[in-house]
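Each remark here refers to the structure printed beneath this line.
Throughout, read-outs are computed from the coordinates displayed, never taken from laboratory work. Just so you know, these numbers come straight off a predicted model, no measurement behind them. For neighbour counting, all protein chains shown are included, and Cβ atoms are generated from backbone atoms with ideal geometry for every residue, glycine included.
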Amino acid sequence: MKGWKEAMPDIKGIVDNAASTDNGVVLEVTWKGTHTGPLAGPDGSIPATGKSQTTRASWIMEFDGPKHKRSRHYFDMLSFMKQLGVL
């Protein structure tokens, strides 16, 4: 997440929906931000585009009692990259 914050310092996540279980929570999140810094990619750094993006995501968090055990975050990478003009 640190790399995303460096690439989009103004990024904000809005929780659109949440559901809980005995040992976790599932969140539907909308991320909004402007790509103003370099973003690390598998083929090297993607330079800042100055473009804004709005990307929907799902975030699943599991707990072992009060301790965070595992976190998985799924989002629409294709839509994200298209909004930045990378694809």
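With Cα atoms defining each centre, segment 1-29 and segment 43-87 are spaced 9 Å apart in the structure.
What does the charge dipole of segment 2-84 about its Cα centre add up to, to the nearest 20 debye, if the Cβ of each Lys and Arg holds +1 and the Cβ of each Asp and Glu holds -1? Each step should come with its number before you reach the end.
Values: 11 positive and 9 negative charges, 31 e Å.
Around 140 debye, computed over segment 2-84.
Applying Stokes-Einstein at 4 °C and 1.567 mPa s to the Kirkwood radius of the chain, computed over alpha-carbon pairs, gives a translational diffusion coefficient of 92 µm² s⁻¹. Normalising the average separation of contacting C-alpha pairs (under 8 angstrom, six or more residues apart) by the number of residues puts the relative contact order of the chain at 24 percent.
A cut-off of 5 Å between modelled amide H atoms, ignoring neighbours fewer than 5 places along the same chain, links Asp76 with Arg56. Can you give the local net charge around Lys51? Use residues other than it whose beta-carbon is closer than 14 angstrom to its beta-carbon, Lys and Arg +1, Asp and Glu -1. Cβ neighbours under 14 Å give a net charge of +1.
Under 5 Å from the amide H of Val86 lies no amide H of any residue 5 or more positions distant or on a separate chain, with H modelled from the backbone and absent for Pro and chain starts.
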